[in-house]
1. So, counting K/R as plus one and D/E as minus one, what does the shell of residues with Cβ under 14 Å around THR10 add up to?
2. Roll a 1.4 Å probe over the protein chains and send me the accessible area per residue for region 1-53 in Å².
3. Starting from the Cα-Cα distance between LEU24 and LYS48, subtract it from 0.36 nm times their residue separation and give me the gain in nm to one decimal.
Amino acid sequence: LPAAVLLKDTKLMDVKLGQLGTWLAMRDFTPGGILGAMRRGYDRYYNKYINVRKGGLGGISMLLAGYIVLSYAWSYSHVKHDRRRKYH
């Protein structure tokens, strides 16, 4: 990590474990900051997997797999309840 790059401007993957607390303290946790971070994440995903010249099914299939995992997590309590019920 060059000295010219501030800790605030570094990506999470480039932060060392000892700097993690300081890096988190510099983040903007206001609603506008959280929405801005979500927007930047969406833009990065869209430009990397969807908005390409020779697109494949990679980006769409990752989005679909994420939806399946999330919907299963939402309905897990119902699935767990049905599993313990006896049918007879």
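1. +2
2. Normalised by residue count, the accessible surface of region 1-53 is 89 Å².
3. So the extension gain works out to 6.1 nm.
The values are calculated or read from the model by the stated rules, or taken from the named source; none is laboratory data. Keep in mind that what you see is a predicted model, and the values were worked out from it rather than measured. Backbone-built Cβ (ideal geometry, glycine too); neighbour counts: all protein chains shown. Quick note on the areas: whole protein, heavy atoms, side chains included, nothing else; ligands and nucleic acids left out. Shrake-Rupley method; radii C 1.70, N 1.55, O 1.52, S 1.80 Å.
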